[in-house]
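The values are calculated or read from the model by the stated rules, or taken from the named source; none is laboratory data. Keep in mind that this is a model prediction, so the values were computed, not measured. Because the Cβ atoms are built from the backbone with ideal geometry, glycine has one as well, and the counts that use them run over all protein chains shown.
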Amino acid sequence: MPDLLIELFSEEIPARMQARAAADLQKLVTNGLVEAGLTYAGARAFHTPRRLTLAVSDLTAQSKATVEERKGPATDAPEKALQGFLRATGLSKDDLEVRDAGKKQAYFAVIRKDGRKAADIIADVLDQTVRNFPWPKSMRWGNGSLKWVRPLHSILCILTTEEGAEVVPATIEGFETTNHTRGHRFHAPDEFSVTSFEDYEAKLKRAKVVLNAEERADAIWSEATSQAFANGLEVVEDKGLLAEVSGLVEWPVVLMGTIDAEFLSLPAEVLQTSMKEHQKFFSVRDAKSGQIVRFVTVANVETADNGATILAGNQKVLSARLADAKFFWENDLREAKAGMTAWTDALSNVTFHNKLGSQADRITRIEALARELAPVTGADAEEAVHAARVAKADLSSEMVYEFPELQGLMGRYYSEQAGLSSAIAAACQEHYSPLGPSDDVPNAPVSVTVALADKLDTLTGFWAIDEKPTGSKDPFALRRAALGVIRLILENNLTVSLTDVFASADGRADAANLLSFFHDRLKTYLRDQGIRHDIIDACIAMEGNDDLNLLVKRARALAETLATDDGENLIQGFKRANNILSQAEQKDGVEYSFGADVKFAESDSEKALFAALDRADEVIKPAMATQDFGTAMAAMAKLRGPIDAFFTDVKINADSEIIRRNRLNLLNRIRATCGAVADLTKIEG
């Protein structure tokens, strides 16, 4: 069975597009082959800055012949119906068969298709793939009409069997397929032919091209860390940068350079960000001090001077970039030491949202919320308000204007320079957190207070102007903000009435709708922790569901209870009691909600259920008062046995109306006792 090799060779493909493009090439080609009747054993896609490559192994040599039967119109149908059927099948009337079809006769078409050679199918699939490739951005060049991300130079397409390799003949927008490719742009620019994927990969490596992106990344990281270790240093890990840099070079050459001493006093994060964003350099730090002291760059070429000229040029450009950063830093320090008032005043000229005012307006709201939340979080109210006032001051700084990703972090540095407390400085950095499900949650009271106030102001504000997430659209990241509030509350064990906070934050917001949004986010959060949605619904139905911490404690306790045999079987007993009671109340037009008296109990199991309910109430009521849901639900689960025995021994609809009413009232006690911990009617199964 032949192996297929395709290479699309072009000018440099942007690093951010390469991996997706390789995956698209594999998907488009393999899907096309399968749809045309070919099968294969495996497929692998590769990418370098100048090429997309696909290797398909054990491809069938040709598609199978097929026979398809189609029933057409009746023989007495109008001529138009027959002509339409002929056009659809591509046959003539003489090719059709007449057969019995129920009470009438009808035309039948037998469509036979011969198998096609793999090369013919590949040529068609490749043509469609190249012409319709889904680049995010593409261009035309020269006089051709083909659109590609960068000018395409050649298309390699071969089938390899035990007898040898052959080019799959195809012409696509003027490009004729070949068995030739080229190596490194500078080290091995001449063409060479290949006979298989193994031959292709080996010859590329000899031509200074590492085909596998993971291999390039591993080589970069290994050499960079080795050079750093030899100098008693360590490379700052950055997987995103590593992936990007491995997409910039075909033959990685790792070089370590120095940073001018005048820039070493800059904060480590400033150095790291500047080098990453402007130069694609890795930062190298002193493990003891954490200070960035050197950099690693990755060249795409080996030089006679071992990269000395490349490093000299890079260091010159880097010094110019860092001189800008140093200028921003020194200017910002002067403003910070002056109290940052000019920065906070400037925020009145920065629009947050045209319906929600300026950043300064928003800060005023966050301050008010911080004061209200401080007793809940245990923060000093004045310190929390001060932190809220300066938390976003760094948005006006020159450094954050240049590097927006440093917002918050620079706020911490500037607050420290302004002589503010460490708690306020930390809040400036941490109030944006958590930014995602894996981000750390702050636990310092002032940081937690401002983080909550910031996110709750965002949510209530956008709810007030009816800018809610819809479907997959969430332009203001409100789902992320809600998850942040949930994690801040739960991971810091806070008791917060969200309804009260919504009212004080922005009374225009639809509190019920916003609380429902939080409940939906909470379901997603808890589902990832293994808690079923129906369990959460059973707890949401209870009073106090705007206290998320209380709600989650109840849900976790219920989940643990239902994981036991007693808990699972209790649900069935509860539902049986509830169904019988509900039907009787609907039929009789009365509510059996009081009056169950043990003196009317006739059987031992009936008396035992009275006693069990008394014991459960004695435990559940005080446990619920102290939010000890585990104890309350354990007591509820113990009712499983008495309830099962009761239903086994007792007929609810007794001949005596007094006994019947008493037993229905007893069922109400079951519903009330179990319903004190959660709405068990919401539990499925």
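Annotations
- Any hit, segment 507-523, residues being in contact (Cβ under 8 Å) with a residue 60 or more places away in the chain and either buried (at least 20 other Cβ atoms within 10 Å of the Cβ) or farther than 22 Å from Thr626 by Cα (or both): no
- Neighbours by Cβ (under 6 Å, 6+ apart or cross-chain): first from segment 127-138, at negative phi; second surrounded by 12 or more Cβ atoms within 10 Å (Cβ to Cβ) and assigned to a helix (DSSP H, G or I): Thr129/Leu28; Thr129/Val29; Pro134/Asp24
- Screening the candidates Ser138, Ser63, Ser92 for the property of being more than 48 Å from the chain's Cα centre (by Cα) and not β-branched (Val, Ile, Thr) yields one hit, Ser92.
- Qualifying residue in segment 447-464 (condition: crowded, with 16+ Cβ neighbours inside 10 Å, at pLDDT 95 or above and in a loop (DSSP other than H, G, I, E, B)): no
- Count of segment 55-114 residues which are surrounded by 11 or more Cβ atoms within 10 Å (Cβ to Cβ), over 30 Å from Ser196 (Cβ atoms) and among the polar types (S, T, N, Q): 5
- Cβ pairs under 7 Å, 6+ apart, first in segment 587-600 and in contact (Cβ under 8 Å) with a residue 40 or more places away in the chain and not assigned by TED's automatic domain parsing to the domain that holds Thr673, second among the hydroxyl-bearing types (Ser, Thr, Tyr) and exposed (fewer than 12 other Cβ atoms within 10 Å of the Cβ): none
- Residue among Ala635, Ala608 that alone is small (Gly, Ala, Ser) and closer than 28 Å to Asn493 by Cβ: Ala635
- Checked against (1) farther than 23 Å from Glu330 by Cβ; (2) touching a strand residue (DSSP E or B) at 6+ places or on another chain (Cβ under 9 Å); (3) in a helix (DSSP H, G or I), Ile363 passes all but condition (2).
- Taken over segment 571-624, the criterion of being among the basic types (Lys, Arg) and over 14 Å from Ile643 (Cα atoms) is satisfied by Lys587, Lys599, Lys621.
- Checked against (1) of a type outside the set (S, T, N, Q); (2) over 18 Å from Phe46 (Cα atoms); (3) not assigned by TED's automatic domain parsing to the domain that holds Glu163, Ala188 passes all but a single condition, namely (3).
- For the criterion of being in a helix (DSSP H, G or I) and outside the structural domain of Ala509 (by TED's automatic domain parsing), Glu383 fails.
- Residue in segment 430-444 that is part of a helix (DSSP H, G or I) and over 21 Å from the mean Cα position of the chain (by Cα) present: yes
- Out of Leu526, Leu581, one residue alone is outside any loop (DSSP other than H, G, I, E, B), among the hydrophobic types (A, V, I, L, M, F, W, C) and over 14 Å from Asn668 (Cβ atoms). It is Leu526.
- Residue that is surrounded by the most Cβ atoms within 10 Å (Cβ to Cβ), among those in segment 253-272 that are more than 22 Å from Asp305 (Cα to Cα) and in contact with a Leu (Cβ under 6 Å, 6 or more places away or on another chain): Phe263
- Residue in segment 349-362 that is among the hydroxyl-bearing types (Ser, Thr, Tyr), surrounded by 15 or more Cβ atoms within 10 Å (Cβ to Cβ) and within 25 Å of Ser433 (Cα to Cα) present: yes
- Residues that are buried (at least 23 other Cβ atoms within 10 Å of the Cβ) and not aliphatic (A, V, I, L, M) were ranked within segment 534-557; the one that is farthest from Phe502 (Cα to Cα) is Arg554.
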